[in-house]
Amino acid sequence: MSESSSSSATPTLFEWIGGMPALERLTKHFYERVRLDPLLIPVFAHMPGDHPHHVAQFIAEVFGGPTAYSETRGGHAHMVTQHLNRHLTHEQRRRWIELLLASADAVGIPEDPEFRSALVAYLEWGTRLAVLNSQPGAEGVAESTPMPKWGWGVPGGPYRG
């Protein structure tokens with residue numbers, strides 16, 4: 001837990017996962033596996049080397065951590081544009097989640113049910129959004145669309161803290 005958290009405050013998902021070091025381990029391990037997966041190779045064949053770092057920054061911000069992704073990449077609207085016209089399938093979406101969760105286990109991401117429930121809920125929401133925004137005719141979102149903020153089992157999906 002970070003120094004900014006007190007013993008009485010509920011930690012953010014970012015704090016609970018272990019901060020940037022944990023997210024960097026997770027995304028590095030995950031994208032190494034993605035590059036070897038026959039179903040996902042077509043999606044990530046031209047992935048730049050810094051892609052895992054940017055995804056770690058995005059997840060960090062969504063989970064209540066630093067806002068580096070928004071400050072350097074353009075926030076939620078930028079992430080959505082990265083999926084436009086990619087024609088992602090639900091089979092690819094499910095495989096992406098499967099590999100990410102296996103990577104979480106492999107790199108020691110917390111296994112407690114409360115955290116994993118929040119993680120899986122975010123992955124389900126985010127990957128379904130990616131599939132929708134990857135289909136023909138999807139136009140993305142306004143640049144002013146706020147970054148999603150995810151927390152501990154908040155009913156109704158993401159909340160804006």
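Starting with the highest mean, order 50-57, 134-141, 86-93, 116-123 by the number of other Cβ atoms within 10 Å, averaged over the residues of each peptide. It would help to have the intermediate numbers written out before the result.
On the way: 50-57: 18.9, 134-141: 13.0, 86-93: 14.8, 116-123: 16.9.
So the order, starting with the most tightly packed, is 50-57, 116-123, 86-93, 134-141.
What number comes out for the charge environment of residue 49, summing +1 per Lys or Arg and -1 per Asp or Glu over other residues with Cβ under 12 Å away?
Working: positive: 28, 35; negative: 32, 50.
Residues near residue 49 contribute 0 overall.
Most mobile of 146, 113, 11 per a Gaussian network model of the chain (Cα springs, under 10 Å)?
Comparing 146, 113, 11 in the GNM, the peak value goes to 113.
Compute the acute angle (0 to 90°) between the alpha-carbon long axis of helix 113-133 and the principal axis of greatest extent of the alpha-carbon atoms of the chain; round to the nearest 10°.
Roughly 30 degrees between the two axes.
Take the alpha carbon gyration tensor of the range 13-133, find the square roots of its eigenvalues, order them as a ≥ b ≥ c, and report rounded if a/c is under 1.5; if not, report prolate when a/b exceeds b/c, else oblate. All intermediate terms of the calculation are to be shown ahead of the outcome.
Details: a/c = 1.43, a/b = 1.17, b/c = 1.22.
Rounded shape, in that the Cα axes give a/c under 1.5.
At q = 0.19, 0.24, 0.29, 0.34 Å⁻¹, what log₁₀ I(q)/I(0) does the range 17-63 have when each alpha carbon counts as one equal point scatterer in the Debye sum?
-0.58, -0.83, -1.02, -1.20
Expressed as an acute angle from 0 to 90° and rounded to the nearest 10, what is the orientation of the C-alpha long axis of helix 51-62 relative to the principal long axis of the chain?
Roughly 50 degrees between the two axes.
Would you mind calculating the gained length between residue 149 and residue 82 on full extension (0.36 nm times residue separation, minus the Cα-Cα distance), in nm to one decimal?
Numbers: separation 67, 0.36 × 67 = 24.12 nm, distance 1.91 nm.
Between residue 149 and residue 82, full extension yields 22.2 nm more.
Since every read-out is calculated from the coordinates, none of them should be taken as a lab result. Please read these numbers as outputs of a predicted model, since none were measured by experiment. We place every Cβ from the backbone using ideal geometry, glycine too, and count neighbours over all the protein chains shown.
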